[in-house]
């Protein structure tokens, strides 16, 4: 009781005696989550507008004699003639480490029943991306834990790498695996007192779910919880049942949460799952606001919608926080059509894409990464040296294999060189198969790829390669931990390490049947 | 769409014609404008009248300070309010009073879309919001 009285006394002390000025307007119509208001002559673009009953909205259309406000929340109690007032504030969300392990809505309010968010720092949802001067080149890797990606399409801290593919091709799985792998790496470098080893930069994750089924989001949360990744992750949920305004805001709110890490010398990863639905929700809002429709009925600024969002992911230099925000936007294509409006837009904005193919997925090649169509424009600058050494030629070899495999279907008489390329290709495909939620550490990947490149899988039947890879993987973890530590150091594979790898793989091979 | 722009432009011109030398909407001028329009009704007459009425309402509200008060409010204070807002908005502001006991004490002044609140009721509402 006394604390309540103290709180009231503090509030009374804080009360100012001066006059409060507000700019007001009256609702002339409310429909489909959009309110049109008369008045509000001093309203700013993107300003928060307060409606009766504690409902807020954002002013998105400033017209000659009316203001179009997108209502965030329940608009069923708003009616014509209700008074709304400007707040003088831009929409802001709580940010900081207090959000780790939490599930929040598009406004940063908790929806996981774990109590209020412990954070008193607010960041605006819309913010201009870092300019040219504060940026630094991307040269530190983000280990996704997925061999096909880390070896052939390396992603760097501060990069924007698009994950694109048809429905049910494993796009979300790649994103979740990456988040889980960040948690695994963080735990690996965590000391007993909860701090991290000197020089280690932990990676925090933000998963933004836009327009997804609630059941899918629940499954994702469960997977992260089970893998112990939730403690390093914040989930921003704007499910399909949420109003379009929240779905439109959610990625920007997530970006604001990620910017906190970037500006404070930390590294963060943000997954936008997915931007196709985000564009659709923005289209819905724009059409209701009667903005002119363009291609596929999207408004003219749909490119700017995604470019301003993704430009906020960057790596900044020492004078500007020395942090990074890596983005993994997801785009769902229809029947593999990457030339549709939104996919082409986002492809051109991002620094590369991981393209997932339905055919590969159905053939059992999972993750169904199409090596030919996937690219990372940052490239090997963001790859550890040892990985660069062993995986440098992989992409070319697989491309050659795919080309020859298509021809090999027609003829039976093949020359020895072609046969050898095909046989190696078959084994490489098997090597890169990886079940979901089982990311591999970089040093384990290096050891496995080294063994493949050194020809140790040559005499193993293709059907047994997956089992052999798994067996070798387990062998390295259980019996050759010191060698893995050596590979983890990040340097090139020296002749001595090469010899050790040789001896280890030969030892394994003697026992493998 | 082009038609609606035309109506808006026309309505704005009519509002300008309805203002007297002090920049205040005058009843005489408004009736003159309405007479002239009635004698020679333009296309979309009804729409035009609606738009004219809307703009005129905004114009009138911008020249008035609606003073809601609870407790005593003297003539001197009212004059001071008029003077203050006339300076602030750089146009003649005429104050009108409405007693509103719901304010408990203090005043709330509305000029156009702007609301200046110095009432106890609003302070208490703010306090309730912050303590909750």
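Every number in this text was worked out from the coordinates using simple rules, so none of it is lab data. Bear in mind that the values here come from a model prediction, so they are computed numbers and not experimental data. Positions of Cβ are backbone-derived with ideal geometry, glycine not excepted, and every protein chain shown enters the neighbour counts.
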To the nearest 10 degrees, how steeply does helix A:394-408 sit against the main Cα axis of chain A, on a 0 to 90 scale? 70
Using alpha-carbon coordinates, inclination of helix B:120-131 to the longest axis of chain B, degrees: 70
Rounded if a/c is under 1.5, else prolate if a/b beats b/c, else oblate: with a ≥ b ≥ c from the C-alpha gyration tensor eigenvalues square-rooted, which is the range A:88-239? rounded
Can you give the FRET efficiency to the nearest 0.05 for residue A:46 and residue A:400, using r as the Cβ-Cβ distance and R₀ = 35 Å? 0.10
Distance between modelled label sites at residue A:291 and residue A:77, nm, 7 Å Cα→Cβ extension: 3.0
Going from the fewest other Cβ atoms within 10 Å to the most, one would list A:508, A:450 as A:508, A:450
Rounded Å value of the spacing that divides the Cα centres of the range B:31-58 and the range A:17-64: 28
Applying a 10 Å radius around every beta-carbon, put A:359-368, A:188-197, A:94-103 in order of their mean neighbour count, most first. A:94-103, A:359-368, A:188-197
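What's the FRET efficiency of residue A:218 with residue A:62 using the Cβ-Cβ distance as r and R₀ = 35 Å, to the nearest 0.05?
So, using R0 = 35 Å, E works out to roughly 0.35.
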Residue separation between residue A:139 and residue A:9 times 0.36 nm, minus their alpha-carbon distance, gives in nm 41.4 nm
Taking 7 Å along the Cα-to-C-beta vector as the label spot, tell me the residue A:496-residue A:417 distance in nanometres, rounded to one decimal. 3.9
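For residue A:474 and residue A:231, calculate 0.36 nm times their separation in residues minus their Cα-Cα distance, and state this gained length in nm to one decimal. Kindly include the intermediate steps, with their values, before the conclusion.
Details: separation 243, 0.36 × 243 = 87.48 nm, distance 2.70 nm.
Here the answer is 84.8 nm.
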Most fluctuating of B:77, B:39, B:51 in the GNM of chain B (C-alpha, under 10 Å) is B:39
Residue A:200 to residue B:120: FRET efficiency via 1/(1 + (r/R0)^6), r the Cβ-Cβ distance, R0 60 Å, to the nearest 0.05? 0.60
Residues in the range A:449-479, backbone N under 12 Å from the label point at residue A:438 (7 Å along the Cα-to-beta-carbon vector): list them, ranges by number please. A:466-474
Can you tell me what share of the DSSP beta bridges in chain B is antiparallel? A percent to the nearest 5 is fine. 65
Suppose the chain between residue A:20 and residue A:87 were pulled fully straight at 0.36 nm per residue; how much longer would it get relative to their current alpha carbon spacing? 23.0 nm
For the range A:496-513, list residues with backbone N below 18 Å from a point placed 7 Å from the Cα of residue A:463 toward its Cβ? A:513
What list do you get for A:486, A:47 if you sort them by fewest beta carbons within 10 Å? A:486, A:47
Given axes a ≥ b ≥ c from the Cα gyration tensor, I'd like to know whether the protein assembly as shown is rounded (a/c under 1.5), prolate (a/b larger than b/c) or oblate. prolate
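Once you have a ≥ b ≥ c as the square roots of the Cα gyration tensor eigenvalues for the range A:389-511, tell me rounded if a/c is under 1.5, and otherwise prolate or oblate according to whether a/b is larger than b/c.
Since a/c reaches 1.5 and a/b is larger than b/c, the shape of the range A:389-511 is classed as prolate.
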Would you mind ranking A:473, B:5 by Cβ crowding within 10 Å, fewest neighbours first? B:5, A:473
Mind pulling the angle between the C-alpha long axis of helix A:442-453 and the longest principal axis of chain A? Nearest 10 degrees, somewhere in 0 to 90. 40
Top mean-square fluctuation among B:121, B:75, B:11, Gaussian network model of chain B, C-alpha springs under 10 Å? B:75
Find the centroid of the Cα atoms in the range A:133-176 and in the range A:371-390, then give the distance between the two in whole Å. 11
Sum -39500 (n - 2.57) across every DSSP H segment of at least 4 residues in the protein assembly as shown, then divide by the residue count to get the 222 nm mean residue ellipticity, nearest 500. -13500 deg cm²/dmol
Averaged over peptide B:116-123, how many Cβ atoms belonging to another chain are found within 10 Å of each residue's Cβ? 3
What is the antiparallel percent of DSSP beta bridges lying wholly in the range B:63-131, to the nearest 5? 65
Taking every DSSP beta bridge with both residues inside chain A, roughly what % is antiparallel (nearest 5)? 60
